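Undergrad: Got a structure here, written out as structure tokens. Questions coming.
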Amino acid sequence: MNVYDSARMADVLAPLGYEPADAPDGADMVIVNTCHIRENASEKTFHELGRLRQMKQRKAAEGGQMVLAVAGCVAQAEGAEIMARAPFVDMVFGPQAYHRLPEMVARATRSAAGPGERGVLDTDFPVESKFDHLPEEQKLEGASAFLTVQEGCDKFCTFCVVPYTRGAEFSRPAAQIVAEARRLVGSGAKEITLLGQNVNAYHGAGPDGRDWGLGRLIRALAEIDGLARIRYTTSHPRDMDDDLISAHGAVPALMPYLHLPVQSGSDRVLEAMNRKHKAADYRRIVDKLRAARPDLALSSDFIVGFPGESEADFKETLKLVGDVGYAQAFSFKYSSRPGTPAALLEMQIEEQAKSDRLYALQALLTEQQTAFNASMAGRTLPVLVEKTGKLPGQLIGKSPYLQSVVIRGNPRLIGQIVPVAIDAGYANSLSGSVEPVAEMEGAA
Ligand code: SAH
Ligand code: SF4
């Protein structure tokens, strides 16, 4: 979502004459768009600011001015601390405020130029939705686009900062989303990934006066001519309703890959996390999804070392992974976040135990991912070509299962979906060459 937000900030700043620079050194404005989800993410922000301070000083010594801003969830959660710890920062604003950038820039450049008010802090959750104030014009890079449909979260998992930094759940009206999708397809998008912290909790006002769920929205988007691929992320198991599950079988453009985080395989831990589902519920949902779309590739997030997690709890996570079988996954050591209920729990797990568990879990997940990738050898897959690769004659694209594919082919294929004969699958990618269209599996 930060990638989407950054692109939208660029859209907001374009009328003021700003355009993306290749590197921060020498730029007139640098915005650090931050993530607060784990501890090292916010430490990285302060580290990065130290580096940017020198560039800002260099620019000032040359008689120029670099406006330095911190955006995103670290700004939202630690705005005052940033202003105090890094007083050379000109603007600090949260993820719900960036449509007000033009006004902030005016204030920041005025105060940076002379005496008076110093630094602009905007971490309000405004009453108006930023989506009603963002420009319609969007600059699209490549044939794959992100589109935020939902933001915020009301789930309050005990480890997570998102409900505090992104605020309450909010769904954009369906017509606004469909219009944005049409514009993206008009400017060349073939694939759209719908975004939300809790994307399948989507319940936006539909043009028919009813509330639309994500399944209904996806069916409407699938009618847009030229939109070949639809994806969505990130989903919560609790909101995986039957209509959405059946869309996986009924909508060919909906890609056979789903990121559905389970976090843990132990009911005791899931309950302490306030995930509001049991491991068996998750297994049932996976069965239903695979009944609707037998080739669905699954991915998940896992947290190891949640306070109180025993070896037996952790074994249940390994068991669940073994049973479900993942094509990809993200796994993290539990990281204590200030202000969240889990941070106050006793029985925090030792660093060494967290590392051991992460190592064991990742070994299993890597094995599954490598086997899944290897199973593609000999198949012909439709690949959306994104860019050139490192070596001449190399292209990089994405399979329907979100695998990176290294292709031998002509750069004029960038932006197209082409059939690729896969010759091998590795831990993190596939390789293959472009095939004549007639042999392609499936439509998209
Ligand atoms: N809304 C999504 C997840 C958003 S956060 C969901 O409910 O699944 C992305 C991932 O970061 C989470 O799935 C979780 O695995 C990880 N994460 C969040 N808070 C964390 C913490 N305090 N420590 C370690 N990992 C965390
Ligand atoms: Fe965080 Fe996801 Fe839980 Fe919401 S549902 S609190 S975003 S982990």
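The values are calculated or read from the model by the stated rules, or taken from the named source; none is laboratory data. Values in this document were obtained by computation on a predicted structure and should not be read as measured data. Cβ placement follows ideal geometry from the backbone for every residue including glycine, while neighbour counts extend to all protein chains displayed. Keep in mind that these areas ignore ligands, DNA and RNA; they rest on the heavy atoms of the full protein, side chains included. Shrake-Rupley method; radii C 1.70, N 1.55, O 1.52, S 1.80 Å.
Undergrad: Name the single residue that is surrounded by the most Cβ atoms within 10 Å (Cβ to Cβ) among those in segment 144-159 being near ligand 2 (Cβ under 10 Å from one of its atoms) and closer than 25 Å to R8 by Cα.
TA: C153
Undergrad: Quick one: Q328 ticks every box in (1) at pLDDT 95 or above; (2) under 20 Å from C153 (Cα atoms) bar one, so which box is it?
TA: (2)
Undergrad: Then there is this: Taking segment 318-351, which residues are open to solvent by less than 80 Å² (accessible area, probe 1.4 Å), of a type outside the set (A, V, I, L, M) and within 16 Å of ligand 2 (Cβ to nearest atom)?
TA: S331, F332, K333, Y334, S335, S336, R337, G339, T340, P341
Undergrad: Which residue out of A205, A189, A222, A181 is in the same structural domain as D154 (by TED's automatic domain parsing) and closer than 26 Å to T165 by Cα?
TA: Only one candidate qualifies: A205.
Undergrad: I need the full set of residues from segment 168-194 which are of a type outside the set (D, E) and open to solvent by less than 10 Å² (accessible area, probe 1.4 Å), in order please.
TA: Those that are of a type outside the set (D, E) and open to solvent by less than 10 Å² (accessible area, probe 1.4 Å): R172, A174, I177, A181, L184, A189, I192, L194.
Undergrad: Would you confirm whether any residue within segment 165-180 is within 14 Å of ligand 1 (Cβ to nearest atom), of a type in the set (V, I, T) and over 26 Å from V383 (Cβ atoms)?
TA: There is at least one residue in segment 165-180 that is within 14 Å of ligand 1 (Cβ to nearest atom), of a type in the set (V, I, T) and over 26 Å from V383 (Cβ atoms).
Undergrad: Being in contact with a Lys or Arg (Cβ under 9 Å, 6 or more places away or on another chain) and charged (D, E, K, R) is the filter here; which residues of segment 180-198 pass it?
TA: E180, K190, E191
Undergrad: Could you please give the count of residues in segment 251-266 that are away from ligand 1 (no atom under 11 Å from the Cβ) and touching a residue at least 40 places away in the same chain (Cβ under 8 Å)?
TA: Counting residues in segment 251-266 that are away from ligand 1 (no atom under 11 Å from the Cβ) and touching a residue at least 40 places away in the same chain (Cβ under 8 Å) gives 8.
Undergrad: Does at least one position in segment 390-405 carry a residue that is touching a Phe, Trp or Tyr at 6+ places or on another chain (Cβ under 9 Å) and open to solvent by 20 Å² or more (accessible area, probe 1.4 Å)?
TA: yes
Undergrad: Got a sec? Which strands (runs of 3 or more DSSP E) wholly within segment 337-428 have at least 2 residues that are within 23 Å of the chain's Cα centre (by Cα)?
TA: By residue number, 380-388, 394-398, 404-408.
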